[in-house]
Amino acid sequence: MARVISQSLPIVTALVRQSKDWIGARQRAQIIARALGFSPQDETRIATAVSEIARNAFDYAGGGKVEFIADAREPQALLVRISDQGPGIVDLDLILSGRYRSPNGLGIGITGSRTLMDEFAIDTRIGEGTVVELRKLLPRNAPPVTPDVVASLTDALSRRPIDPLEEAQHYNQEILRTLDELGRVNRELQAANEAKDVFLAAVSHELRTPMTAILGWLQMLEGATVGKDLHAEGMKAIASAAKVQARLIDDVLEAARAHTGKLELELASVDLQDVIDSIWSTVQPAVADRSVNLERQTNGTPLLIRGDATRLQQIIGNLVSNAIKFTPANGTISIGASVDDEHVTVSVSDTGEGITEELLPHVFERFRQGANSRRHGGLGLGLAIVSHLVKLHGGTIAVASEGAGRGACFTIRFPLSR
Amino acid sequence: MTTAPRALVVDDDVAIRVLVTRILVRRRFVVETASDGAEAIQKLATGAYAVILLDLMMPRLDGVGVMKFLAEYHPDQLARVIVMTAFGAYASSHLPAIPFRLIEKPFDIHALVREVEKCI
């Protein structure tokens, strides 16, 4: 007969009788969380939730106990049960609804702890006591929790003295680290927010430009004395401005789809030489218009990858159009391609305006644009879309530039299809 | 016989250049165009214009650069400038010391003509 393994494996029980005990409970929570494979952030979340509820037990019920239990069922979890035999919590419903206005801080720990854990259950009986169960799922890559693992953890905890001073110092350091982290996240959010404002201004500007042409020409054509030639010219201008607007809107929608993970590929075997051929002929008018030289450094070797031909054309086409846009007359743009045992590599380099050191790490982020490229128009979405599409193909994209005025080189690599 | 007044239209967007040119030609202007600030400065260095229609956001040298050039070398021409922009706030914040006429894109072509008439 197979041995039945109990799925709830008690790790340790800690009594909370003095104020230093809830600090001890916090320390144990941290040690257990680390031993079970939780991330440092989750360690802090668990330790904070446990210490808040244990402190409540001490402050409002005069004490209680904290049981740490490993739940070995799938998905594996850490369960912490904190119980007391105090007066119970009269305003529990109000507290849990978030509408409770605490006169003395009571209840704040409960709602805070609830947000830190995956599951939170509370049972309170007036005059009898309160039981709180906190559950946090182990990370998916955590090692399996076996009775042996739990036994050695129990053993380690029993041999480790609880030192409230050590824990308090540790706690302080944690708070400082958290403050640092919050400061960094805040700065990032601010930067993202500013980039978004610039983006909104750019959208407004870019949409207004073709709109000016459309509305202006419509107003001209309304006049009674418009000749046939002017009428034709106006209609052509309106059509072309409307196309520009449609493309801008497509870009915005595409970026939104990329951001929400709704871009999908139609995969087939694709030879990137064919893609480059097609781009080569498409961009000739722009090349002639801007008087730049376009070079191709590829031998005829097939560059076979698994991908979506339309999207691949979009990726390389965008890099080439960018190069043309930022390269002054008589500059040179070069498309290179090579293949090795594992990868197909395509590079697009130019002798154009280059990318400043400050912008370089951010070129593939949405809404990021250099001051110069803002003057060239566009929304700063192209490279973010390109980078997303490259990743969807399992590829990588990199950029190099020696700085403003010194050109740029974009390199994309895709896994070779065999 | 009076000679036709000259106008300079500066915008990197060809559709706007053509539109404004047509509007002014119908009002008997002789129109020259420039597709960025650098080209505009070359023209402004050698010729005087009755009216200068100036976009702000342009590659190479933007409209702010053109205004600064005029303030330095041809301050008399500043009163002839009409800034055309989809960025009214940008214009106000970048050109605090220079008075200028402003028309926001998209504009009513009659309003544009009225601004032009104020210049001549």
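What follows is calculated from the coordinates using simple rules that are stated; it is not laboratory data. The structure displayed is predicted, hence computed values, not measured ones. We place every Cβ from the backbone using ideal geometry, glycine too, and count neighbours over all the protein chains shown.
Across peptide B:19-25, the mean count of Cβ atoms from other chains lying within 10 Å of each residue's own Cβ comes to 4. The mean number of Cβ atoms from other chains found within 10 Å of a Cβ in peptide A:312-318 is 0, as a whole number. Amide H to amide H, with H built 1.01 Å from N, A:Leu294 comes under 5 Å of A:Ile333, counting only residues 5 or more places away or on other chains. Place a point 7 Å from Cα of A:Ala151 in the direction of its Cβ. Which residues in the range A:65-88 have their backbone N less than 19 Å from it? Label zone hits: A:69-73. Which shape class applies to the range B:6-119: rounded if a/c is under 1.5, otherwise prolate when a/b exceeds b/c and oblate if not, where a ≥ b ≥ c are the square roots of the Cα gyration tensor eigenvalues? Rounded. For the range A:1-79 versus the range A:157-229, the inter-centroid distance based on Cα atoms is 39 Å.
Taking the DSSP bridge list for the protein assembly as shown and keeping only pairs wholly inside it, about 70 percent are antiparallel. Between A:Pro161, B:Ala34, A:Asn330, the Cα set farthest toward the positive side of the dipole of the protein assembly as shown (charges on each charged residue's Cβ, about the Cα centre) is that of B:Ala34. From its DSSP helices (H runs of at least four residues, each -39,500 (n - 2.57)), chain A gives a residue-normalised ellipticity at 222 nm of -17500 deg cm²/dmol.
Against the empirical 2.2 N^0.38 Å (N residues), the range A:378-418 has a Cα radius of gyration ratio of 1.38. In chain B, helices alone account for a calculated mean residue ellipticity at 222 nm of -13000 deg cm²/dmol, with every DSSP H run of four or more residues adding -39,500 (n - 2.57). According to the square roots a ≥ b ≥ c of the eigenvalues of the Cα gyration tensor, what is the shape class of the range A:8-162, taking rounded for a/c under 1.5, prolate for a/b larger than b/c otherwise, and oblate for the remainder? Because a/c hits 1.5 or more and a/b exceeds b/c, the range A:8-162 counts as prolate.
Given a Förster distance of 22 angstrom, what is the FRET efficiency for A:Arg73 paired with A:Ala121, based on the Cβ-Cβ distance and rounded to 0.05? The formula returns an efficiency of 0.85 here. Once you've got the Cα coordinates, tell me which of A:Lys228/A:Lys325; A:Lys65/A:Lys136; A:Lys196/A:Lys236; A:Lys136/A:Lys196; A:Lys196/A:Lys262 are over 25 Å apart. The pairs that break the limit, which is 25 Å between Cα atoms, are A:Lys228/A:Lys325; A:Lys196/A:Lys236; A:Lys136/A:Lys196. Between A:Ile89 and A:Arg125, the built amide H atoms are under 5 Å apart, and every one of these is 5 or more places off in sequence or on another chain.
In the range A:192-259, a dipole from Cβ-located charges (positive for Lys and Arg, negative for Asp and Glu) runs towards its positive end, and of A:Met235, A:Pro210, A:Ala246 it is A:Met235 whose Cα lies farthest in that direction.
Packing, as the average of other Cβ atoms within 10 Å across residues, places the peptides A:34-40, B:35-41, A:78-84 in the order A:78-84, B:35-41, A:34-40, highest first. Taking packing as the residue-averaged number of other Cβ atoms within 10 angstrom, the listed peptides B:81-87, A:176-182, A:235-241 run from highest to lowest as B:81-87, A:235-241, A:176-182.
Taking a ≥ b ≥ c as the square roots of the eigenvalues of the alpha carbon gyration tensor, chain A is prolate, as a/c is not under 1.5 and a/b beats b/c. Which one, A:Gly127, B:Val113, A:Val80, projects farthest toward the positive side of the charge dipole computed for the protein assembly as shown from Cβ point charges (K/R +1, D/E -1)? Value: B:Val113. For B:Val31, nonlocal amide neighbours, meaning residues 5 or more places apart or on other chains whose placed amide H falls under 5 Å from its own, are B:Ala7.
With Rh defined as the Kirkwood radius, the inverse of the mean 1/r over Cα pairs, the Rg/Rh of the range A:268-415 is 0.94. Counts of other chain beta carbons within 10 angstrom of each beta carbon in peptide A:202-214 average 5.
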